[in-house]
Structure formats: structure tokens, C-alpha cells
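Got a structure for you, questions after.
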Amino acid sequence: MDTGAIHLPSTNENLLEGWQAHHASLFGKHTLKLNHRLTESGLFTEDVLSELVDRYPRELYNLNTIGTDARKQNWREGHLDGVSGKDTIDAIRTGHLWLNLRKVMDVDKRYDELLQSIFSEFEGKVPGLKIFKQNLGILISSPKMQVLYHSDVPGQGLWQITGRKRLYVYPNTEPFLPKDSLEGLILGETHEEIPYESWFDEYAEVHDLGPGEMVLWALNGPHRVENEDCLNISVTTEHYTSEIRKSYAVNYANGVLRRRLGYTPATITTGGLSPYAKAALTLFWKKLNLNRKREAVRMIDFVPDKSQPLGYRDIEPFVKG
Ligand SMILES: [Fe+2]
């Protein structure tokens, strides 16, 4: 198999194109749309990704499908069960599936080097920026697949590699992101689901993304994604900054106060002394383990099959180990 040359960028090489000085003041607060050169690393060709899927650890990927009526209750989870990476990507190309490779930097150090390069470049461009807990995922998804309306806890980036998709980004304020939904998300109760109404779209930023384009958006900004009628390969990045960690602590503590103590927090500001008191409460609460997350039982009930119209076939369901 010809996997092509792997070229890892040195940390002083630009992975971003189109950066302007004023973008520094927008980072993390507003949407930034830029061009990127991730494909030049050679790490995202179908051959290289097929080989990566072949050896991907079970506990670090999710293979999913959804009913064509796009109701969340219809989510299903499958497993690869020895189907090759190449056949899996072929099944996704013509089927109705998506494969999410999580924490790729922990599986293959070449992606970790790339991830470090990405964020050291941002640190070099945004004065005072210090990034930690960087995460890199690869999402391989079928034509017309959608990612439904949701919000994420860490800072987010979406880097398009192959195919085209439309990204809708909504304001990270009420009513698009209710305070108790964000708190529930941070407390691990709501699992990213937040209420969505179709009229929200009138207030959305709409970004059509093709190969070599990327978007970063405001912290916790709700978003959803629609693939065009083609195979999509995208990189997702997550990151934390001290500002994000502070916001996390404040929302966590407010969520605890609101739920357990019947207190309605007056402020979500991250300035002044209050956040530190709230961060202390967050730590205290976590130490006492008073907020155990509820773990849903997931069933595995399909495997990829490129000969099937939807790209998979049903198997005898079993509980995910
Ligand atoms: Fe997301």
C-alpha cells in the first residue's frame, strides 16, 4: 500500500493561512474562519486513515448511524469487528454512517506532533495565550449526514479535509444556550443536548466549509453541521485556556448551587473574586464525589458493510463493554 510521504511541520512553520493581527482579539470570543495546510502533513489521505482505522483501539472510537428522520432517539452504535479500515471508509462513502476517532494524539504520536504544532502556532499569534488539554479527533462521515444542535465544554475547532459541509454557529447566550443547559452539560447531565428551534437558524452564522478551510468559534457556541452529498473527512480539535477553565469552574459551581442548594446564581462573570470561591466549591464538590455522572447503557447492533445501501448490516445486539 502506498501511504505517501508523511511530512510533519516544524513548530515554526505556518499551518494557518489568512491570519490577521486583529484575529488575536477575536480568538475564543467570536468565529474565526481561516485556511489551513493540515493535508500537507500526509496524515489524512484515505490510505493513511485506513491503516489508522485498522489498528484503532475499541475504546477510542464511535461508529454510529441514525434513522433517516434524524430523531435523536434513533441513534445506534456499531463496531468495526475486524472490517478493514479501507472497507469501512468505502461503506461510509456510500452509506449512512459516521466514524469518530477520538484522542487520535494518544494513538499515534504523529498526530500529537501535529496537534502541538497547531496550538503552538495559535500561542505565537495570540499574546498571552496558553493552551492545555489539547485534543484531536477525526470524523469520517457519509454524504448528507448531520451533527445535531449541541454545545461543547472545551474550545472547539473544525478543520475540513475532504468533502464539503455546512456549519451553523449560534450565539452562546440565551435563548440559544440556556444557562441551566450549559450547567447541565458541564455537570455531565445533559450530554450535549440543548433545546433547538428551527427559527434559531435566522440568528446563525452559516459557514460552508471545503478542503483546506477551518473554523474556530466562541466558547460553548451551539452549533450543528450538515454534510453535502459527498464523503466528509474532518478534523476536530478541542482545547482549554485559563479563561475556559475559569468559565468551567463558575458554571459547574452555579449548576451545583442551582440544583442542590436551591440558589439562583446572580452572575456568570469570570472577573473578580467570585470565580475563585466558585472554583473552590467545584473542587470541594468533585472531591466529595457528590455529583456522580449517570452512565447510559449502550448497545452495539451493527457492523460496516459496503455492499449494503446504508453501509451497514444488523448484528445480534450486545451491551458495549
Ligand atoms: Fe461540537
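Bear in mind that the values in this text are calculations on the coordinates, not laboratory data. These numbers were taken from a predicted model, which means no experiment stands behind them. Using ideal geometry, Cβ is built from the backbone for each residue, glycine included, and neighbour counts are taken over all protein chains shown.
Between Asp301 and Asp81, 0.36 nm times their residue separation minus their Cα-Cα distance comes to what?
Working: separation 220, 0.36 × 220 = 79.20 nm, distance 1.13 nm.
That pair, Asp301 and Asp81, stretches by 78.1 nm at full extension.
Let me ask something additional. Quick one: 3J(HN,Hα) in Hz for the stretch 122-131, Karplus 6.51/-1.76/1.60 with θ = phi - 60°, rounded, Gly and Pro as x.
Using θ = phi - 60°, the values come out as 4, 4, x, 9, 10, x, x, 6, 10, 9 Hz.
State, to one decimal in nm, how far the label point of Lys133 lies from the label point of Thr94, with both points 7 Å from Cα in the Cβ direction.
Simple spin-label model gives 4.3 nm for this pair.
Could you line up Glu228, Glu183 from fewest to most neighbouring Cβ atoms inside 10 Å?
Details: Glu228 15, Glu183 23.
By the 10 Å Cβ count, ascending: Glu228, Glu183.
Under the 0.36 nm per residue contour assumption, what length would be gained going from the current alpha-carbon distance of Asp47 and Glu316 to full extension?
Values: separation 269, 0.36 × 269 = 96.84 nm, distance 3.07 nm.
Extra length from Asp47 to Glu316 when fully extended: 93.8 nm.
Now a separate question. Among the listed pairs Lys29/Lys130; Lys29/Lys109; Lys33/Lys103; Lys133/Lys179; Lys144/Lys306, which are separated by more than 20 Å between their Cα atoms? Walk me through the numbers before you get to the answer.
Numbers: Lys29/Lys130 15 Å; Lys29/Lys109 30 Å; Lys33/Lys103 24 Å; Lys133/Lys179 24 Å; Lys144/Lys306 17 Å.
Going by Cα-Cα distance, Lys29/Lys109; Lys33/Lys103; Lys133/Lys179 fall outside the 20 Å limit.
Give the peptides 207-216, 232-241 in descending order of average Cβ contacts within 10 Å, highest first. Could you put the intermediate results ahead of the total?
Working: 207-216: 18.7, 232-241: 21.8.
Going from most to least packed, we get 232-241, 207-216.
Roughly how big is the stretch 126-206's charge dipole about its Cα centre, with Cβ charges of +1 (Lys, Arg) and -1 (Asp, Glu), in debye to the nearest 20? Write out the running numbers ahead of the final one.
Values: 7 positive and 11 negative charges, 128 e Å.
Dipole magnitude for the stretch 126-206 comes out near 620 debye.
May I ask you to compute the full-extension gain from Glu189 to Asn35, defined as 0.36 nm times their residue separation minus their alpha-carbon distance, rounded to one decimal in nm? Provide the component values of the computation, followed by the final result.
Values: separation 154, 0.36 × 154 = 55.44 nm, distance 3.55 nm.
Additional length available on full extension: 51.9 nm.
Let me spell out the model: positive unit charges on the Cβ of Lys and Arg, negative unit charges on the Cβ of Asp and Glu, origin at the Cα centre of the stretch 79-129. What dipole size does that give, in debye rounded to 20?
Details: 7 positive and 9 negative charges, 20 e Å.
In total the dipole reaches around 100 debye.
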